[in-house]
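So the structure is just underneath, and the comments pick up after that.
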Amino acid sequence: MASAPPVVLSIAGFDPSSGAGVTADIKTIAAHGCYGVGCVTALTVQSTAGVRRVEPVAAELVTQTLQELASDVEIAAVRIGMLGGAKVGRAVAEFLEQRKLGNVVLDPILRSSSGADLVDAAGARLLSERLIPLAAVVTPNVDEASALTGLAVTNPEQMRAAANKLHELGAAAVVITGGHLEKAIDLLSFTTRRGVEQEIFKSARLRSSSTHGTGCAFATSIACHLALGRGLPEAVLLAKAYVGAAISNAHPLGHGTGPVHHLYRMNQPRRTTTTAVDPEPVN
């Protein structure tokens, strides 16, 4: 009998277009050979054209869902995305504090790319004060890093300063993604016994109208690689390559910003190597 794959838990909102949120995470998790389970934090009315409405799920239902899953399966990693509000954020924080799960990847989603607020002010404060210290790695984009730290984040030096500020808020490791910048630069910053170490990952920016859900795919990919036992720098490198390939292989869909192709690997020959080598290396 084949051994069971690592279980990765997605705690995120529901996107009916499946470009982001829990359903997109499940696709990403499957693409990495892991088994995905999910807890929906909020329902949304949205499509590729943008987010029209957000309705948070009752915090009690979130708590019961998380406890039921944790009592049934061994969770190897967690991806936290959209929370919807402070009550749900508090329920998630209490669950993590109680269960003490490892490999928690916090994707601090504050606003949609179309400009809709995806968490209230109290929820954003709770995210900073309680969830950041509980995460193994936090993955804000440059706009989210700026909102969380109050600093301008438009170049590598400012990314370094924002990462240091996030460490002061309790983050053990930070990946600030710069896909919104002219050059796709990501900064990995993590604490060691020698202090804070930082590494820059560079790649050409992909010009595409199919970029919906890149942040979710990136954070979830990192969670999967951590669940599979890979170190953080390797997980970041492979996640960056995965997202780039998912954008490059995306199909035009909808009238707005289309989703990335989370399952592009289904159409590729199966690899037989056991080494952690991605077929789309980062330059």
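The values are calculated or read from the model by the stated rules, or taken from the named source; none is laboratory data. Since the model is a prediction, treat every value here as computed from it, not as a measurement. Here the Cβ positions follow ideal geometry from the backbone for every residue, glycine too, while neighbour counts run over all protein chains shown. When the accessible area is computed, the model is the full protein with side chains, heavy atoms only, and any ligands, DNA or RNA have been set aside. Shrake-Rupley method; radii C 1.70, N 1.55, O 1.52, S 1.80 Å.
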By the Kirkwood definition, with r running over pairs of different Cα atoms, the chain has a hydrodynamic radius in Å of 18.6
Dividing the convex hull volume of the alpha carbon atoms of segment 124-236 by its residue count, what do you get in Å³ per residue?
109
Net charge around Val54, counting only other residues with Cβ within less than 15 Å of its Cβ (Lys, Arg = +1; Asp, Glu = -1)?
0
Taking all protein chains in place and a 1.4 Å probe, what share, in percent, of the accessible surface of the chain do carbon and sulfur account for?
53
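Ranked from highest to lowest mean number of other Cβ atoms within 10 Å per residue, what is the order of the peptides 16-29, 144-157?
16-29, 144-157
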Just grab the label-to-label distance for Ala161 and Asp72, each label 7 Å out from Cα along the Cβ direction, in nm (one decimal).
4.8
Charge sum, other residues only, whose C-beta stays under 12 Å from Val88's C-beta, Lys/Arg counted +1 and Asp/Glu -1:
-2
Can you give me the accessible area per residue for the chain, using a 1.4 Å probe, in Å²?
47
By the Cα gyration tensor axes a ≥ b ≥ c (a/c under 1.5 gives rounded; else a/b larger than b/c gives prolate, otherwise oblate), the shape of segment 1-88 is oblate
May I ask you to list the lysines whose Cα is less than 22 Å away from that of Lys100, ignoring any residue fewer than eight positions away on the same chain?
Lys87
Among 213-226, 69-82, what's the highest-first ranking by average C-beta atoms within 10 angstrom per residue?
213-226, 69-82
Test of understanding: what is the full-extension gain from Glu199 to Arg111, defined as 0.36 nm times their sequence separation minus their Cα-Cα distance?
29.0 nm
Label points 7 Å out from Cα along the Cβ direction at Met266 and Ala152: separation in nm?
4.6
By how many nm would the segment from His255 to Arg207 grow when fully extended, if each residue of separation counts as 0.36 nm and the alpha-carbon distance is taken off?
15.6 nm
At what distance in nm do the modelled label points of Ala49 and Glu97 sit from each other, each positioned 7 Å from its Cα along Cα→Cβ?
4.3
Scattering curve values for segment 32-162, log₁₀ I(q)/I(0), Debye with Cα scatterers, q = 0.11 Å⁻¹:
-0.41
